[in-house]
1. Please give me the summed charge of the neighbours of S40: other residues whose Cβ is under 14 Å from its Cβ, Lys and Arg +1, Asp and Glu -1.
2. Taking the Cβ of D75 as the centre, find all other residues whose Cβ is under 15 Å away and add up their charges (Lys, Arg: +1; Asp, Glu: -1).
3. When Lys and Arg each count +1 and Asp and Glu each count -1, what net charge do the other residues less than 12 Å away from T9, Cβ to Cβ, add up to?
4. Given the Cα-Cα distance of D107 and E20 and 0.36 nm per residue of separation, how much length would full extension add, in nm?
5. For a quick check: with amide H placed at 1.01 Å from N, whose amide H comes under 5 Å from S40's, ignoring anything fewer than 5 positions away on the same chain?
6. Kindly identify segment 1-90 as rounded, prolate or oblate by the Cα gyration tensor criterion: order the square roots of the eigenvalues as a ≥ b ≥ c, call it rounded if a/c is under 1.5, otherwise compare a/b with b/c, prolate if a/b is larger, else oblate.
7. Within segment 1-48, list the trypsin sites (Lys or Arg not before Pro) lying in a DSSP loop whose Cβ has at most 14 other Cβ atoms in a 10 Å radius.
Amino acid sequence: MRLLLIADTHVPTRAPDLSEQVWDEVERADVVVHAGDWVSLELLDERQARAARSLACWGNNDGPRLRSRLPARADAVFVGLRFTVVHEAGAAAGRQTRVSRLYPHSDVLVFGHSHIPWDTTAATVTNGALPTVVLHEVE
């Protein structure tokens, strides 16, 4: 399974659109996981039109129109792994312990907000920079 993890796209406030390379990956991915801060409702609509399957939440920069269409937290099972996507996971200090306590039943937690790449060695928690775009192959 090919996963595209993305967050903090901030379209159009920080970029006019996603690059064609990212859109190509959206179309190739089996699942697109977006951890919020879309900013643009049009970006959500375009992603829905181009992605085979998705898991997404809203972020702190997403207004009422986006929040009405997306949850604050989304959960799904892919290839036997329990995925959770949220926008914020709190401060870096103590994050691993905190998210393990908050999401004890998740095998993989994807979050955004910090704009700082972070991936635990067990690959159970992942975050990226602006915009976050990470590809993972899961068997």
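Taken together, the values in this text are just the output of simple stated rules run on the coordinates, not laboratory data. This one's a predicted model, so the numbers in the text were calculated from it and none came from an experiment. Positions of Cβ are generated from backbone atoms using ideal geometry, with glycine treated the same way; all protein chains shown enter the neighbour counts.
1. Once all neighbours under 14 Å are counted, the net charge is -2.
2. Within the 15 Å Cβ shell, the charges total +2.
3. -4
4. 28.2 nm
5. So S40 has HN proximity to V11.
6. oblate
7. Qualifying residues, ordered by number: R14.
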